[in-house]
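Worksheet for the structure shown next.
Coordinate-derived values only; no laboratory data. This is a predicted model, so every value here is computed, not measured. A quick note on method: Cβ atoms are made from the backbone with ideal geometry, for glycine too, and the neighbour counts reach across all protein chains shown.
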Amino acid sequence: MQSLMVPPGKKISLKKDYDPSFKPTNITKEDAHALLQSGIEKMAEFQDKLYAQNTYGLLINFQAMDAAGKDGTIKHVMSGLNPQGCQVFSFKVPSAEELDHDYLWRYTKSLPERGRIGIFNRSYYEELLIVRIHQDLLDRQQLPPEIKNKKIWERRFAEINNFEKYLVDNGIIVLKFFLNVSKDEQKKRFLERIDRPEKNWKFSENDVKERAFWDDYMNAYEDVFNNTSTKWAPWYIIPADRKWFTRLAVGSVIYFTLESLGLAYPTVTEAHRQSLLKAKELLENEGK
Ligand code: ATP
Ligand code: MG
């Protein structure tokens, strides 16, 4: 797990240091299913305590190239949890109203409350990725001209690091996953989306257009990891060419994060305990 984490303060090379098709030699696909299943049951217990304790919130950011498996991972890893304590927000092209605000506005509006797990399916990191690669998207943000210079990305790195520090300092834990799919595997999955009628809806011609910017994306992602993997909110780069391993790895990171919080049900005060006993007595004597 440690090696999936981007070490804060170190420079990594996405291409050299992170293999999209990595899988451990000692775990089979069947083992992985069983492990994930038992992990999910335990996670449901953690979630129940998280909700009852109402102190911490957990924000989980998912970033990836198209067809890397964000949707499937979210579906599988969160499957055993109580829907009442979970929320998923998918961020697409910003609306006119959203563009009229500062760039973090729409994300801050959707942050999880204490006690909840909030998933961002794409996140404010798109502001350093797609918006960096397509100048016209930055132009639409109507920024003051003195802000729109080369330093903008450096500034956004710092702003986002500060934003996440603020969240963590206030009890909102931040996890960040990049599902690292290879260009070859993406092609295979696109072809499958075209060939299988029940998957056609998942394919958009725009996906192929974005694929043409693959190298630009990899460079922008690498820059993001090297500048925003911090002690308080590190990045995890998850091998994504094998879906079963992606799900197990993401599940494990979430599991160990929840475990590390030392979650516990709130203990009742003596006065509350007395009132519970009184209520019990009333119930037991009902109709007597
Ligand atoms: P799928 O894997 O199913 O395609 P997706 O997350 O790619 O899921 P889409 O419906 O393709 O979902 O919408 C995401 C698209 O929204 C991105 O490809 C990008 O074009 C756009 N988008 C997301 N965030 C921003 C942003 N901050 N600024 C501009 N465009 C954005
Ligand atoms: Mg898409």
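Using Cβ point charges alone (K and R +1, D and E -1), the dipole size of the chain about the Cα centre works out to roughly 360 debye. Cβ crowding within 10 Å ranks Val224, Val253, Val268 as Val268, Val253, Val224, fewest other Cβ atoms first.
For Ile117, Ile130, the sequence from fewest to most other C-beta atoms within 10 Å is Ile130, Ile117.
In the chain, the calculated helix contribution to ellipticity at 222 nm averages -14500 deg cm²/dmol per residue, counting -39,500 (n - 2.57) for every DSSP H run with n ≥ 4. The value of relative contact order for the stretch 39-189, using C-alpha pairs under 8 Å at least six residues apart, is 40 percent. Calculated from the alpha-carbon coordinates, the stretch 8-284 shows an Rg and a Dmax of 21.1, 73 Å respectively.
A full extension of the chain between Trp232 and Gln135 corresponds to an added length of 31.9 nm, given 0.36 nm per residue minus the alpha carbon distance. Site pair Thr257 and Trp105 shows an inter-label distance of 2.7 nm when each label is modelled 7 Å from Cα along Cα→Cβ.
Report the gain in length on full extension from Thr28 to Arg114: 0.36 nm times residue separation, minus Cα-Cα distance, nm rounded to one decimal.
Once the chain is fully extended between Thr28 and Arg114, it gains 27.3 nm.
Summary of the geometry: the stretch 168-195 and the stretch 6-20, compared by the centres of their Cα atoms, lie 16 Å apart. Per residue, the average separation of C-alpha pairs within less than 8 Å and at least 6 apart gives the chain a relative contact order of 35 percent.
The Cα atoms of the stretch 141-249 give a gyration tensor whose axes a ≥ b ≥ c have a/c of 1.5 or more with a/b no greater than b/c, which makes the shape oblate. Note on Gln87 and Glu198: the model spin-label points, each 7 Å out from Cα along the C-beta direction, lie 3.2 nm apart.
When the charge dipole of the stretch 8-284 is built from unit charges on Cβ atoms (+1 for Lys and Arg, -1 for Asp and Glu) and taken about the Cα centre, the candidate among Gly72, Asn162, Pro20 whose Cα reaches farthest toward its positive end is Pro20. The distance between label points at Glu41 and Trp153 comes to 4.7 nm (points 7 Å beyond Cα on the Cα→Cβ vector).
Fewest Cβ neighbours within 10 Å first, please rank Glu146, Glu127 accordingly.
Details: Glu146 6, Glu127 22.
Least crowded to most crowded, the residues run Glu146, Glu127.
A straight line joining the Cα centroids of the stretch 32-104 and the stretch 223-265 runs 12 Å.
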